Amino acid sequence: MKKLVSLLLALVMVLSLAACGNGGTPTEESKAPAEGSSAPEEAAFVPYTYEDEAVYMGAMKEYYDLLTAAQELTDVDEMYVEMAKAEAKALTSGVLQIWRGDGGGYRLSRYVDKSVPTVLWGTDSDRYETALVTEEILTAEDREELISMWAELAGTGTYEQAAKDFLAEKGYTLKSELGYWDFTLDPETWDVLSVWTNSVGDPVCGTVENLAKYDMENVLQPALAESWECSEDGLTWTFHIRPGQIWTDSQGRKIADIKADDWVASMQHFFDNYGSSGAEVLTPIIVNGDAYVNGEVTDFTEVGVKAVDDLTLEYHLNAPVPAFESMLTYCGFFAPLCREYFTSQGGTFGVDDHVNGNYGTSPENIAYCGPYRITSYTPTNSIVFEANDSYWNRDAMNVTKITWYYQDGNDPLKPYDDFMAGTLSRCGLGPSTIKKCQEDGNFDKYAIVSELEATTRVGYLNLNRQSFALFNDPTGCVSQMEHGSVDTIDRDNEVYVADASIVDDAARTHVAMNNHNFRLALSMAWDRVSYNAMFAGEEVKELGVRNTYTPGNFVTLGKDVTTDINGTSTTFEKGTYYGAIVQAQIDADGYPIKAWDPEANGGLGSSDGFDGYYSVANCQEYLAKAAEELAAVGVEVSKENPIQIEYADPVFSEGGTNRAKAYKQSVENASGGLIQVNLLPVQDNQQNNSTNYLISEGWENCIDIGIGTGWSADYADPASYLTLFLPYGNGYQTKNLGVW
């Protein structure tokens, strides 16, 4: 083994650079080994870690200060401007390395584009009851015409019938079943109010109904609330619950009547699961929400959600929230919970005392009020949804049966083959399937490029890595490791540990990751277009590439706003896109990053469709600065001693492993060999997701850069993206950065 770092050097070197680049000093407590750790041994490196706050503030303080100030504003447009400035700081920190938005690739389809909601937030886009599905494959020409029709008719309430008439005229036959490859992980629970992940939210959202939801024309419509109103001061929202609705079990048998108290029960259960449920989004908004989760208020009747009577529900807010109605459409925020059924399953309430009992342990252990019941579930195989006959809008459902199929990624041609056989209703195309589709003569007739969605995919840098083993264990990649230490390397027990040379060199990588210039160099070494080609194909490799975390066109200003940017008074006119403001702050700070192209999208501007980070020249310039700074604290960066980072290589997936190789080649070539990327093979989806996505705390993060995890807005506000990185446990995704 190469012994590049002695114990003494590690102590001096690692601790002297806590947050080099943007300031920040480690505390005395952070200079000690994590509790329970021992001195480094020959076979394993024991990490000396920084205090979470020191690491975080060293990299993200400017973002944090700007976002905190933005959240205190009451003017929506002024708030958007300050949030955009905060995002610019997050992007230029190098901690978030943006690479693509979902969509922007070729797709074949049997279901009509725009026949489900396509708003950029919430979970309504995962509800398929309104989808129009055909027996025949839709031609590219007809799909384009339907999309144009939607653009003309959206907001009139006439698109659904017009689309049906068009399909009939063209000779298509409508069907009521949908087949979809839509899960790569089995749900860890069926309780949508206790876990904030797509692997739970996507399959469960169709089993419950919200107070309101978007129709296929993206117009907000009443659902389990017949109507609602807001007080003049914007602090009280009153909902009138649809009478005569019921909860059923998985067999369709009545459990209880739906009443206003079901939303009181759901919010208490949601808040009880603070930290894993995403409740941190709502607790500052709802009266006494923060006080309840902090233990300052123990009586939930003092929290701002009230059942006035069985059919009248009130929410009391601390301040007006312009995006409040859009929040209603995310089923993890405002899905009801049948109190009677939850307690019958052994569930209890209270921040310190809550347990789920049997609730959510299987599809048979939840109550249903949405359009579908789950009638069959086979792990790593399929989930079957069938119409809930008690659903309030049952007669309007176009799809009465959905089958989701598990996608293991082992055979890149299987989605295409299953689509052509009629099993699947939609199929995305990658490099292998584009070629097969062309060979079969189907590509020109059926394929069109899908629109980019709001989900943004990111490479998260692990700033405070403490875990080095990936265990083949469904409970997580570090379940057999003591917090803060590394167990004996054991390759015979299905334990994968980093190569010995990497483990020994972890202190050097740790210091580099906390150097601002190194992070920027790493970001600029990544050729995202070539990387995306391994995902979407050469023909459309640029289309899906994204350069901002919040899509640049997510919001626009409703009026002129003047702000201070680095001492210069700057006015952004009414109609300015969010992304343009992000770019203005980046430019003022002097970074060679292009997050927004004002000429793209027909002159409207866009943050998508180009790589605004990759540059060999810029990479080498920032890397030279980093090498000088690192040398000053005893860290040599050279071809003989490169900084080594680990990347999880999904060897079970042709596309995934091709992307891993593309990343390695790009970074090593651009850095001139001063950064070495080590590909760590993972054998299946569970292992792959355990490196980064499924972790619950920062210390569990056992990879240097986690690529693939993404985020889509839960409500119509940039805060839905930006607040994910708030410190002190208030940001859901700081764990992906290795802290909290």
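The values are calculated or read from the model by the stated rules, or taken from the named source; none is laboratory data. It should be emphasised that the depicted structure is a prediction, and the values quoted were computed from it without experimental measurement. Neighbour counts are summed over all protein chains in view; Cβ atoms, including those assigned to glycine, are modelled from backbone coordinates with ideal geometry.
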Q. With (1) touching a helix residue (DSSP H, G or I) at 6+ places or on another chain (Cβ under 6 Å); (2) surrounded by fewer than 22 Cβ atoms within 10 Å (Cβ to Cβ); (3) under 28 Å from T329 (Cβ atoms) as the list, and S712 as the residue in question, which single condition is left unmet?
A. (1)
Q) What single numbered condition from (1) at pLDDT 95 or above; (2) more than 22 Å from S425 (Cα to Cα); (3) buried (at least 20 other Cβ atoms within 10 Å of the Cβ); (4) more than 22 Å from the chain's Cα centre (by Cα) fails to hold for L108? A) (2)
Q.
Can you find a residue that is surrounded by fewer than 21 Cβ atoms within 10 Å (Cβ to Cβ) and touching a Pro at 6+ places or on another chain (Cβ under 7 Å) anywhere in the range 258-280?
A. no
Q.
So G201 ticks every box in (1) closer than 21 Å to L282 by Cβ; (2) out of contact with any Cys (no Cβ under 8 Å at 6 or more places or on another chain) but one. Which box is left unticked?
A. (2)
Q: Kindly establish whether F535 is outside the structural domain of G655 (by TED's automatic domain parsing), within 24 Å of the chain's Cα centre (by Cα), modelled with pLDDT under 90 and of a type outside the set (G, A, S).
A: yes
Q) Tell me, which residue of the range 575-585 that is buried (at least 24 other Cβ atoms within 10 Å of the Cβ) and of a type in the set (A, V, I, L, M, F, W, C) is farthest from N517 (Cα to Cα)? A) I581
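Within the range 151-171, is there a residue that is within 18 Å of the chain's Cα centre (by Cα) and not aliphatic (A, V, I, L, M)?
Taking every residue of the range 151-171 in turn, none turns out to be within 18 Å of the chain's Cα centre (by Cα) and not aliphatic (A, V, I, L, M).
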**Q.** Subset of the range 277-318 (residues that are assigned to a loop (DSSP other than H, G, I, E, B), under 27 Å from the mean Cα position of the chain (by Cα) and aliphatic (A, V, I, L, M))
**A.** L282, I285
Q) Counting only residues that are of a type in the set (A, V, I, L, M) and touching a Ser or Thr at 6+ places or on another chain (Cβ under 7 Å), which one in the range 320-363 is nearest to D249 (Cα to Cα)? A) L337
Q) Residue check: is D564 at negative phi and loosely packed, with under 12 Cβ neighbours inside 10 Å? A) yes
Q: For R528, work out the one condition from (1) among the charged types (D, E, K, R); (2) at pLDDT 95 or above; (3) surrounded by fewer than 22 Cβ atoms within 10 Å (Cβ to Cβ) it doesn't fulfil.
A: (3)
Q. Residue check: is D684 charged (D, E, K, R) and either under 30 Å from L66 (Cβ atoms) or surrounded by 21 or more Cβ atoms within 10 Å (Cβ to Cβ) (or both)?
A. no
Q.
Please go through the range 614-656 and give me each residue that is crowded, with 18+ Cβ neighbours inside 10 Å, polar (S, T, N, Q) and in the same structural domain as N701 (by TED's automatic domain parsing), ordered by number.
A. Q644, S653
Q: Working only within the range 435-450, note down all residues that are under 15 Å from E539 (Cα atoms) and acidic (D, E).
A: D444
Q: Quick one: which residue in Y663, Y622 is among the aromatic types (F, W, Y) and closer than 30 Å to Q683 by Cβ?
A: Y663
Q) Filter the range 588-624 for residues that are farther than 18 Å from G544 by Cα and among the charged types (D, E, K, R); which is farthest from the chain's Cα centre (by Cα)? A) E621
(Q) One residue is enough: does the range 278-292 have a residue meeting the conditions closer than 29 Å to E386 by Cα and out of contact with any strand residue (DSSP E or B) (no Cβ under 6 Å at 6 or more places or on another chain)? (A) yes
**Q.** Condition met for A521 (assigned to a loop (DSSP other than H, G, I, E, B) and either at pLDDT 95 or above or within 22 Å of the chain's Cα centre (by Cα) (or both))
**A.** no
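Here is a yes/no grid of residues against (1) closer than 20 Å to A131 by Cα; (2) assigned by TED's automatic domain parsing to the domain that holds E646; (3) under 24 Å from the mean Cα position of the chain (by Cα):
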site	(1), (2), (3)
P379	no, no, yes
D389	yes, no, no
R394	yes, no, no
Q438	no, no, no
E453	yes, no, yes
Q466	no, yes, yes
Q) If you check Y577 against the conditions, is it under 26 Å from the mean Cα position of the chain (by Cα), without any contact (Cβ under 8 Å) to a residue 40 or more places away in the chain and within 19 Å of D717 (Cα to Cα)? A) yes
Q | Selection within the range 649-688 - free of Cβ contacts under 8 Å to residues at least 60 places away in the same chain, more than 16 Å from Y622 (Cα to Cα) and not in a helix (DSSP H, G or I) | A | D649, V651, Q676, V677, L679
Q) Only one residue in K85, K89 is crowded, with 24+ Cβ neighbours inside 10 Å, touching a residue at least 60 places away in the same chain (Cβ under 8 Å) and part of a helix (DSSP H, G or I). Which one? A) K85
Q. Right, G552: modelled with pLDDT under 95 and either part of a loop (DSSP other than H, G, I, E, B) or under 30 Å from G634 (Cα atoms) (or both) or not?
A. no
Q.
Please count how many residues of the range 590-604 are surrounded by fewer than 19 Cβ atoms within 10 Å (Cβ to Cβ) and out of contact with any helix residue (DSSP H, G or I) (no Cβ under 6 Å at 6 or more places or on another chain).
A. 9
Q.
What's the total number of residues in the range 524-549 that are among the aromatic types (F, W, Y) and in a loop (DSSP other than H, G, I, E, B)?
A. 2
Q. Quick one: is F535 buried (at least 21 other Cβ atoms within 10 Å of the Cβ) and more than 30 Å from L413 (Cα to Cα)?
A. no
